[in-house]
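A.B. asks: Dropping a structure here in structure tokens format, bear with me for questions.
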Amino acid sequence: MVVTRFAPSPTGYLHIGGLRTALFSYLWAKKNGGKFVLRIEDTDKARNSDEATKAILEAFKWLGLEHDGEIQYQSKRGEIYAKYINQLLDEGKAYKCYMSKEELTQLRETQMANKQRTKYDGKYRDFNATPPEGIEPVIRIKAPLTGEIIVKDGVKGDVSFQAEDILDDFVIARADGSPTYNFVVAIDDALMGINEVIRGDDHLSNTPKQIVVYEALGFDIPKFYHVPMIHNQQGKKLSKRDGATDVMEYKTMGYTPQALLNFLVRLGWSHGDQEIFSLQEMKNLFDPKDINKSASIYNTEKLDWLNAHYIKNTPNDELAQLLLEFDIVLTSHDKKEIILDAIKERAKTLKEMVSLIKEILQTPTSYDEKAVKKAFKGDAIEILNAFGAKVATCKNCHLPSDYHILMEDIVKEKEIGFGKIGQPLRVALLGKMSGVGLDTVMAIIGKDETMLRIANAITALVSSDKTVS
RNA sequence: GGCCCCGUCGUCUAGCGGUUAGGAUCCAUGGUUUUCAUCCAUGUUACAGGAGUUCAAUUCUCCUCGGGGUCACCA
């Protein structure tokens, strides 16, 4: 069974890059009928917060990503780590190092001065004399000093490291007894049965150290997939400064979970030429072997397009539901269908839908100057007036088609083009030159409101003398 | 600096020795529409550079250049 995991450290909101690796891990587990474990790496007490954990869970919930089993917290697993530290000590695979921080610093400075790479010199590796006074030791693992370590990576291929280039006896437990990252990750992954690790490729160079731990403990080494980073426009690692890296920001900006997931799954992964993936399709088709090797640049143009696509293809009931989050209540509005049908084709985000809806439902209080200039030429006011009268006498005006007939009538009677009535009427109803079809607007707001808006516009424009003759 | 990874249109990507180098997005143009948007059609734009290997390289090898990541008693 495939068991994957997402293992964030709760130091802030859920990052867009983190979400992508989470999604990949989730999909791969689901595709194989396996398990997706959520593990909170909260060993750094100074930087962690409960809020951050909540934020991650909130984002998961919004996007519909579900982890399997209980959430694992590293902070609760201290005893387990201690047990393995002692085991390694007993087996002589790890040892206590009494080098003071000052001495370590000194060592590094000397190495740097000699243009050597900085590494621990193994001073206490085979030490069995009386330890120096007043120093709490750290625990170091005996890492191989020579030889090759190969990371078999499903994305990058076999990546080979030379022990002498990168390894030294690294610390697995600090002076206060707390275990370090590379040690606990290996233990947790092994104990939780994680056999496919999908994570950012910034961890690739950590992997040999973790392999050292796996081997010392006799654990099976999982399959690794190191997925390339997401870069900002400058080609650097995406950071908070780049803006919009908090997953939940996308909710407030009016993106749908579907669109965001679809956007993310295609960043660094592809399945032929397919662009649109439902969550179910992702679960069926995702395979880490199709993950790209190179980093991608974060650019939301395609997200906008996907979001527009999903809005267009979402049933109105669902849209009404989503709009509730934006304080738009259409769920039991009698014109719900006609409103949503009218605007879903022209909005890129839910937020845009909100302003489109308000634009229709609210009586305009001002008129766009350019639009007025363009629309109100010649006898526009007269035409508009005549149209108003037509609406007033209309006995059966409910549907857009009813109003459309009215417009056709006036075009015929006055022998004018559609624009002659369309333009001034549009300004009167919406206050500007663009927007939803006029017959639709009138059907939505009804006969009385239509007449009111026409009257308002005429009054306003005549009194302010904004007409152009 | 050492080590490691990467390099196809502006962007996301397909390609897995022989293709007019494909799709998507963006942009532009045209059509549809009373307007805007949608939709449809058309178009511009890419194999970082140089050596090999081969009958043939975007594809394989090496070098150069460029970009990124990582080198802790952080995770």
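The values are calculated or read from the model by the stated rules, or taken from the named source; none is laboratory data. Model, not experiment: these values are computed from the prediction. All Cβ positions, glycine included, derive from the backbone under ideal geometry; neighbour counts span all protein chains shown.
A.B. asks: With respect to the numbered conditions (1) in contact (Cβ under 8 Å) with a residue 12 or more places away in the chain; (2) in a helix (DSSP H, G or I); (3) within 25 Å of A:His15 (Cβ to Cβ); (4) within 15 Å of RNA strand B (Cβ to nearest atom), which one is the sole condition not fulfilled by A:Gly254?
C.D. replies: Only one criterion in (1) in contact (Cβ under 8 Å) with a residue 12 or more places away in the chain; (2) in a helix (DSSP H, G or I); (3) within 25 Å of A:His15 (Cβ to Cβ); (4) within 15 Å of RNA strand B (Cβ to nearest atom) is unmet by A:Gly254, namely (2).
So that you can scan it fast, the table gives a plain yes or no per residue for (1) at pLDDT below 95; (2) assigned to a loop (DSSP other than H, G, I, E, B); (3) of a type in the set (S, T, N, Q):
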position: A:Tyr120; (1), (2), (3): no, yes, no
position: A:Pro131; (1), (2), (3): yes, yes, no
position: A:Ile139; (1), (2), (3): no, no, no
position: A:Leu145; (1), (2), (3): yes, yes, no
position: A:Val151; (1), (2), (3): no, no, no
position: A:Val155; (1), (2), (3): no, yes, no
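A.B. asks: Are there any pairs, at least 6 apart or on different chains, whose C-beta atoms fall under 6 Å, with the first in the range A:205-234 and farther than 16 Å from A:Asp168 by Cβ and the second part of a helix (DSSP H, G or I) and more than 14 Å from RNA strand B (Cβ to nearest atom), and if so, which?
C.D. replies: Note: pairs meeting the criteria are A:Phe219/A:Ala190; A:Ile221/A:Tyr214.
A.B. asks: Could you look through the range A:306-318, keep only residues that are touching a residue at least 40 places away in the same chain (Cβ under 8 Å) and out of contact with any Phe, Trp or Tyr (no Cβ under 6 Å at 6 or more places or on another chain), and pick out the one that is farthest from A:Thr245 (Cα to Cα)? Show your work before the answer.
C.D. replies: First, the residues of the range A:306-318 that are touching a residue at least 40 places away in the same chain (Cβ under 8 Å): A:306-311, A:314.
Filter again for out of contact with any Phe, Trp or Tyr (no Cβ under 6 Å at 6 or more places or on another chain), leaving A:308-311, A:314.
Numbers: A:Ala308: 20, A:His309: 22, A:Tyr310: 22, A:Ile311: 22, A:Thr314: 26 Å.
Within the range A:306-318, the match that is farthest from A:Thr245 (Cα to Cα) is A:Thr314.
A.B. asks: Evaluate the following for A:Ser401: is it polar (S, T, N, Q), modelled with pLDDT of 90 or more and in a helix (DSSP H, G or I)?
C.D. replies: So A:Ser401 passes the test.
A.B. asks: Any residue in the range A:272-301 that's touching a residue at least 60 places away in the same chain (Cβ under 8 Å): show its pairings with residues that are among the aromatic types (Phe, Trp, Tyr) and in a helix (DSSP H, G or I) at Cβ separation under 8 Å, as long as the two are six or more apart or on different chains.
C.D. replies: These pairs meet every condition: A:Phe286/A:Phe24; A:Phe286/A:Trp28; A:Asp287/A:Trp28; A:Pro288/A:Phe24; A:Pro288/A:Trp28; A:Ile291/A:Phe24.
A.B. asks: Turning to a different aspect of this structure: Is there a residue being touching a Ser or Thr at 6+ places or on another chain (Cβ under 7 Å), within 16 Å of RNA strand B (Cβ to nearest atom) and not in a helix (DSSP H, G or I) anywhere in the range A:425-442?
C.D. replies: Yes, the conditions are met somewhere in the range A:425-442.
Here's the yes/no breakdown for (1) at pLDDT 95 or above; (2) over 30 Å from A:Pro137 (Cα atoms); (3) more than 16 Å from RNA strand B (Cβ to nearest atom); (4) aliphatic (A, V, I, L, M):
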{"site": "A:Thr11", "(1), (2), (3), (4)": "no, no, no, no"}
{"site": "A:Lys35", "(1), (2), (3), (4)": "yes, yes, yes, no"}
{"site": "A:Ile40", "(1), (2), (3), (4)": "yes, no, no, yes"}
{"site": "A:Asp44", "(1), (2), (3), (4)": "no, no, no, no"}
{"site": "A:Gly64", "(1), (2), (3), (4)": "yes, yes, yes, no"}
{"site": "A:Gly69", "(1), (2), (3), (4)": "yes, yes, yes, no"}
{"site": "A:Arg77", "(1), (2), (3), (4)": "yes, no, no, no"}
{"site": "A:Ala94", "(1), (2), (3), (4)": "yes, no, no, yes"}
{"site": "A:Ser100", "(1), (2), (3), (4)": "no, no, no, no"}
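A.B. asks: Sticking with this structure for a sec: Please indicate, with yes or no, whether at least one residue in the range A:265-288 is within 14 Å of RNA strand B (Cβ to nearest atom), within 17 Å of the chain's Cα centre (by Cα), in a helix (DSSP H, G or I) and β-branched (Val, Ile, Thr).
C.D. replies: yes
A.B. asks: Return the pair list, or none, for Cβ contacts closer than 6 Å from residues in the range A:1-16 that are within 13 Å of A:Asp50 (Cα to Cα) to residues that are within 11 Å of RNA strand B (Cβ to nearest atom) and among the acidic types (Asp, Glu), at least 6 apart or on different chains.
C.D. replies: A:Ser9/A:Glu41; A:Pro10/A:Asp42
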